[in-house]
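Beneath this line is the structure, given in structure tokens, with notes to follow.
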Amino acid sequence: MAVLHQATITPTKLELVIAHLDAVPWGGSGEVTMIGGYRFDDPAGRVGVEALLVTRGDRVLHVPLTYRDAPLPEADAHLITTMSHSVLGDRWIYDAAADPVGVDCFTRALHGDLEQAALEVHKADGSVVPMDPPVRIRLEGASTGDTILFTHDLAEPAIGDARLVAGWDDGFGVVAALA
């Protein structure tokens with residue numbers, strides 16, 4: 001169960017995604033619009049694993065992230081930003097494709113051993129409300145492989161025997177595959 005807090009975060013997720021896309025070669029240029037995201041549960045319950053889908057120009061881009069309460073040792077090259085969260089405190093945001101917990105969650109999902117996390121919003125008044133995920137993930141195919149391929153641009157061809165397919169109101173695309 002992924003717990004979402006009603007909180008103020010700085011930078012916002014859209015701001016951090018824009019800055020990240022501006023810094024990577026596949027990020028393109030132009031206005032960025034958030035489609036939504038999906039999450040996986042870290043079995044240890046310590047690391048947030050979320051992937052965001054955005055449009056930029058005529059492209060749909062996939063940005064897999066991890067949220068940590070402390071820096072990941074020897075991973076400075078994969079640090080996207082730090083974030084201030086009004087409920088959870090400071091967070092270190094990493095590229096999930098380079099974070100061992102993120103890679104493990106995606107690999108387990110591609111083997112059919114982990115499903116998308118259910119979402120629950122914990123409101124400031126203490127109430128808890130379930131939330132439908134804006135992006136839904138399904139597994140297609142099967143693989144015994146262990147090489148994970150993350151897709152950044154959803155227009156890229158899907159390579160791999162097992163594929164995670166993201167679906168949202170206006171479309172779908174492969175976000176990761178296992179070869």
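The values are calculated or read from the model by the stated rules, or taken from the named source; none is laboratory data. These numbers were taken from a predicted model, which means no experiment stands behind them. Here Cβ is always computed from backbone atoms with ideal geometry, including for glycine, and neighbour counts include all displayed protein chains. Remember, those area values only see protein heavy atoms, side chains included, never the ligands or the DNA or RNA. Shrake-Rupley method; radii C 1.70, N 1.55, O 1.52, S 1.80 Å.
Observations
- Tally of residues being β-branched (V, I, T) and open to solvent by less than 10 Å² (accessible area, probe 1.4 Å) across segment 61-108: 3
- Members of segment 122-140 found to be touching a helix residue (DSSP H, G or I) at 6+ places or on another chain (Cβ under 9 Å) and at pLDDT below 95, listed by number: none
- Contacts under 9 angstrom Cβ, first residue in segment 126-142 being in contact (Cβ under 8 Å) with a residue 40 or more places away in the chain, partner surrounded by 11 or more Cβ atoms within 10 Å (Cβ to Cβ) and polar (S, T, N, Q), 6 or more apart: P133/Q116; V135/Q116; R136/Q116; I137/Q116
- Residues that are assigned to a loop (DSSP other than H, G, I, E, B), closer than 21 Å to A98 by Cβ and open to solvent by less than 60 Å² (accessible area, probe 1.4 Å) within segment 146-179 comprise T151, H152, L154, G160, A179, listed in sequence order.
- Just one of the listed residues (Y67, Y94) is aromatic (F, W, Y) and closer than 26 Å to A158 by Cβ, and it is Y94.
- Picking from residues in segment 70-93 that are within 29 Å of A124 (Cβ to Cβ) and assigned to a loop (DSSP other than H, G, I, E, B), the one that is modelled with the lowest pLDDT is S86.
- Scanning segment 20-53 for residues that are more than 13 Å from the chain's Cα centre (by Cα), open to solvent by 60 Å² or more (accessible area, probe 1.4 Å) and not acidic (D, E) returns A23, P25, S29, T33, P43, A44, G45, R46.
- Residue match in segment 130-145 (condition: closer than 24 Å to R46 by Cα, open to solvent by 20 Å² or more (accessible area, probe 1.4 Å) and out of contact with any strand residue (DSSP E or B) (no Cβ under 7 Å at 6 or more places or on another chain)): yes
- Matching entry among T147, T151 (being within 18 Å of the chain's Cα centre (by Cα), of a type in the set (S, T, Y) and at negative phi): T151
- Residue that is modelled with the lowest pLDDT, among those in segment 109-121 that are more than 14 Å from V174 (Cα to Cα) and open to solvent by less than 60 Å² (accessible area, probe 1.4 Å): V121
- Breaking point among (1) assigned to a helix (DSSP H, G or I); (2) touching a Ser or Thr at 6+ places or on another chain (Cβ under 8 Å); (3) not charged (D, E, K, R), for T107: (2)
- Filtering D132, D125, D170 for residues that are under 27 Å from G27 (Cα atoms) and acidic (D, E) leaves a single hit, D170.
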